[in-house]
Amino acid sequence: MSTTHPTATRHRRTGGDLVVESLAALGARTVFGLPGQHALGVFDALRRSTLRYVGLRVENNAGFAADAYARATHGVAPLLVSTGPGALMTLAALQEAAAGSAAVLAIGSQVPLAGIGGGRHGYLHELSDQSASFRGVVKSVHTARTASQIPSAVAAAWESALSAPHGPVWLEIPQDVLLAEAGIPPVGELDAVPRELLPRPELIAAAADRLAKARRPVILAGGGVVRAGAEAELLALAEQLRAPVATTFGGKGAFPWEHPLSLQSWMEDRHTTAFLEDADTLLVVGSGLGELSSNYHTFRPRGQVVQIEADLGKLESNHAALGIHADARAALAALVKEVGEVGERGPRDTGAAEEAGGAGGDGEAGAPAPEAAVSGLLARVRDRIAGQQLDLEQQVLASVRDALPDGAVSCWDMTILAYWAWSAFDPRRTNALHSAQGAGGLGYGFPAALGVAVADPARPVLAVSGDGGAMYSIAELATARQYDLPVTWLIVDDGGYGILREYMTDAFGEATATELTRPDFVALAESFGVPAVRTSPEQLRTDLAAALAAPGPSVVVLPARLRMFAPTHLSS
C-alpha cells in the first residue's frame, strides 16, 4: 500500500490543482474518468475547479465516452484515471481513439516517485514501466515528475492530441506529485496551438493537373475529411470536377448521401471496388486504404492515385500514389483553387472517353455522364442485395433511420446491424454517425453515445448494440441515469455473438463459443430506473421514435436474428 495519505493535502493547492487549472486554461470544460487511490489528488482538485466531471463505471467505457465527445466537438477530451489496472483498462478505448483520430488526453497517475524506475518496491498497482504499455497505442507519451512540470506537460500533451491527425495521448503523474503542495502560482494562460499541416505547393499543382485533365476522376473520402471538417471543400471539388464520390465507413457524412455524384459507402461490394479501380485518376482523401476501405485488400487501381493523408504512416502504405502529407481541409481547399486555375488554362480532355467504356468496368461503348455512371453503380448494388432475401435486415435499418430525427447522432457497436449501417445508412449530416470500426472492439456504442450526449444534451442520441456487446457496458445504465443523459439504447438480441456465429458457420460448418446466456434487458434497465420496452420489427419504428422523443435515457430491446449480406471479396 502507498505510504502517502491523501488526507494530508486537504485545503492546500496541490499538483492536482495544477492539472485541472492547466486543462481549464487550455479550454477544457468537461472531463471523463474514474477515480483511484493514486489519482485522488487530481479528483480532489476537481471540486475546486469549474470543470464538469462525468464519471463512468469502467475505465474502458470512460475512454469510449471521451472518444465520442472528442469526435462530436472536434476538440480534446480529457480522461482521468488511476494507476495500474485503471490505466491499463483504457487501452482498448485508446486504440479505437487512435484508429478513429479522436483527440483523447488520457491523464493517469503513477506510484510515488520512489517506486518509479523498474525496481520492485511493492507499491499497490506498481508496474515496472507503465508508460511502455501505451507507446504502441497512443500518439505520444508524456510525464511530469515535479509540480512545476505539470502545466507544460499538459500543454504539450494537448497540442499533440490536437495536431493533425488528431489522436489520443498519455500523460502520467506520480501520486506524491499530485498530492504535494504546489509552490507555484495558479495557472493563468497556456499556449498549445497545434502546427498546421499544410500541403506542399508543388504537390498540389501536380495533383490538380492530373485531376483537371482526368477523363474519369473519382474521389474516395475517408474519416480524415470528417475529422478535419472538410466537407464543404470536398463538395466544391467534386462538383468542380464532376467526380463521383464514395465514402469509407469512417468517412460517412463527408459527402451528401443523395447527391447525384454520391456513390454512398458500399465499400464491401465488388461493383463499387470496380468503379474505383476504373478511375483514370483516383483521389483518396483522409484514408489509408486499409482492410475495410479496400474491400479487404482486393482493390487494385488501374489508373493514377493521388492520396491526401495527415497520418504519415498511412501515406502510400497500401498503394503507390502521388502522396500529399497534409490536413484534408487545407489540401482540398488548395486543390479547389488550383484546379480552377488549371481549368482556366484549358478544358479537360474528354475525347478518349468515348472509347474507354463506362465507369465501373462495364466495357460499354461510350462512357456515360458521371451522374449516370453513379446511378448505374447504385442500381447494380441494389440488385445484388435484392437477390439475397434480406428483407428483414433492410426493414430494421429503415425503421431505425425513420425513427431517428435528422439532427440526431447515432453510435454503433460491433454488431450485424452496424455492419449494415456502415454500407447502407444515410447519416443525413456530417459528424452524425460514430462507430468502433477502426479498432473493432466490442462495447463502444452505449458509452460513446453518453459522450456525445454530454457534448450536446439538447439533442437525442441513439446507441445500437447487440446483446453480446451490450454486456460490455451494461453498468453504464447507472451513468446514464445519474446524469440524466438523453440516450436511447437499441439492443438487438439474437442470443449470442451474431457476426461470429456467421463467420464460424461459413468457415467450419458450425459455430463454437458464440451462444450466450443473457439477462432480461428490459427488467435490467428498469432496475437502474431507466424505462425500457421490448419491441418487434413491425413496431420498431414507433417504439424507437417514442423513446428518442422522451427525456432522459431509455432502452429498446429488439429480439431478432439478423444476417449479413454476402461478401464479394472472397471470390475476387
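Which residues, taken from segment 303-333, are part of a strand (DSSP E or B) and either buried (at least 17 other Cβ atoms within 10 Å of the Cβ) or among the charged types (D, E, K, R) (or both)? Break it down into steps so the answer makes sense when it comes.
Just the residues of segment 303-333 that are part of a strand (DSSP E or B), to begin with: 304-309, 322-325.
304, 305, 306, 307, 308, 309, 323, 324, 325 - these are the residues of segment 303-333 that are part of a strand (DSSP E or B) and either buried (at least 17 other Cβ atoms within 10 Å of the Cβ) or among the charged types (D, E, K, R) (or both).
Scan segment 394-414 for residues that are open to solvent by 20 Å² or more (accessible area, probe 1.4 Å) and assigned to a loop (DSSP other than H, G, I, E, B) and the total you get is 4. Screening residue 12 against (1) at pLDDT 95 or above; (2) open to solvent by 30 Å² or more (accessible area, probe 1.4 Å); (3) more than 15 Å from residue 154 (Cβ to Cβ) leaves a single unmet condition, (1).
Of everything in segment 94-128, what is surrounded by fewer than 22 Cβ atoms within 10 Å (Cβ to Cβ) and charged (D, E, K, R)? Give them in sequence order. Correct list: 120, 126. The set of residues from segment 265-277 being part of a loop (DSSP other than H, G, I, E, B) and either of a type in the set (Phe, Trp, Tyr) or in contact with a strand residue (DSSP E or B) (Cβ under 8 Å, 6 or more places away or on another chain) (or both) comprises 265, 266, 267. Considering segment 535-563, and only residues there that are more than 27 Å from residue 500 (Cα to Cα) and assigned to a loop (DSSP other than H, G, I, E, B), the residue that is farthest from the chain's Cα centre (by Cα) turns out to be 539. When each of 178, 91 is tested for being farther than 28 Å from residue 459 by Cα, more than 24 Å from the chain's Cα centre (by Cα), touching a residue at least 24 places away in the same chain (Cβ under 8 Å) and open to solvent by less than 50 Å² (accessible area, probe 1.4 Å), the lone residue that passes is 178. Considering only residues in segment 334-347 that are in contact (Cβ under 8 Å) with a residue 60 or more places away in the chain and out of contact with any helix residue (DSSP H, G or I) (no Cβ under 6 Å at 6 or more places or on another chain), the one that is most open to solvent (accessible area, probe 1.4 Å) turns out to be 341. Can you tell me which residues in segment 15-37 are assigned to a helix (DSSP H, G or I) and modelled with pLDDT of 95 or more? Correct list: 15, 16, 17, 18, 19, 20, 21, 22, 23, 24, 25. Scanning segment 364-387 turns up at least one residue that is assigned to a loop (DSSP other than H, G, I, E, B), within 22 Å of residue 564 (Cβ to Cβ) and at pLDDT below 95.
The strands (runs of 3 or more DSSP E) found entirely in segment 443-534 that carry 3 or more residues being free of Cβ contacts under 8 Å to residues at least 60 places away in the same chain are 461-466, 532-534. Candidates 193, 141, 187, 154: the one that is part of a loop (DSSP other than H, G, I, E, B) and within 30 Å of the chain's Cα centre (by Cα) is 193.
Does any residue of segment 21-29 turn out to be in contact with a strand residue (DSSP E or B) (Cβ under 7 Å, 6 or more places away or on another chain) and crowded, with 21+ Cβ neighbours inside 10 Å? Within segment 21-29 (the criterion being in contact with a strand residue (DSSP E or B) (Cβ under 7 Å, 6 or more places away or on another chain) and crowded, with 21+ Cβ neighbours inside 10 Å), the answer is yes, since at least one residue qualifies.
Yes/no matrix, rows are residues, columns are (1) closer than 30 Å to residue 387 by Cβ; (2) surrounded by 17 or more Cβ atoms within 10 Å (Cβ to Cβ); (3) out of contact with any Gly (no Cβ under 8 Å at 6 or more places or on another chain); (4) at pLDDT below 95:
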residue: 524; (1), (2), (3), (4): no, yes, yes, no
residue: 540; (1), (2), (3), (4): yes, yes, yes, no
residue: 544; (1), (2), (3), (4): yes, yes, yes, no
residue: 556; (1), (2), (3), (4): no, yes, yes, no
residue: 559; (1), (2), (3), (4): yes, no, yes, no
residue: 569; (1), (2), (3), (4): yes, no, yes, yes
residue: 572; (1), (2), (3), (4): yes, no, yes, yes
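As a summary of the residue check, residue 57 satisfies the conditions (1) without any contact (Cβ under 8 Å) to a residue 24 or more places away in the chain; (2) among the charged types (D, E, K, R); (3) touching a helix residue (DSSP H, G or I) at 6+ places or on another chain (Cβ under 9 Å) except for the one numbered (1). Scanning segment 142-164 for residues that are in contact with a Gly (Cβ under 9 Å, 6 or more places away or on another chain), touching a residue at least 40 places away in the same chain (Cβ under 8 Å) and surrounded by fewer than 24 Cβ atoms within 10 Å (Cβ to Cβ) yields 147, 162, 164. Would you please name the residue that is most open to solvent (accessible area, probe 1.4 Å), looking only at residues in segment 498-522 that are among the small types (Gly, Ala, Ser) and closer than 18 Å to residue 562 by Cα? My answer is 511.
Of the set (1) in a strand (DSSP E or B); (2) at pLDDT below 95, all apply to residue 107 but (2). Filter segment 38-75 down to the residues that are part of a loop (DSSP other than H, G, I, E, B) and under 14 Å from residue 20 (Cβ atoms), then identify the one that is most open to solvent (accessible area, probe 1.4 Å). Checking each candidate, the answer is 47. Confirm whether residue 133 is part of a strand (DSSP E or B), at negative phi and either among the aliphatic types (A, V, I, L, M) or touching a residue at least 12 places away in the same chain (Cβ under 8 Å) (or both). The answer is no for residue 133.
Against the list (1) open to solvent by 10 Å² or more (accessible area, probe 1.4 Å); (2) more than 30 Å from residue 368 (Cα to Cα), the condition residue 300 fails is (2). Taking segment 488-508 as the range and being in contact with a Leu (Cβ under 6 Å, 6 or more places away or on another chain) and either closer than 20 Å to residue 548 by Cβ or among the hydrophobic types (A, V, I, L, M, F, W, C) (or both) as the test, the residues that pass are 488, 492.
The values are calculated or read from the model by the stated rules, or taken from the named source; none is laboratory data. Bear in mind that the values here come from a model prediction, so they are computed numbers and not experimental data. When we count neighbours, we look across all protein chains shown, and the Cβ atoms used for this are built from the backbone with ideal geometry, even at glycine. Surface areas here come from the heavy atoms of the whole protein model, side chains and all, with no ligands, DNA or RNA. Shrake-Rupley method; radii C 1.70, N 1.55, O 1.52, S 1.80 Å.
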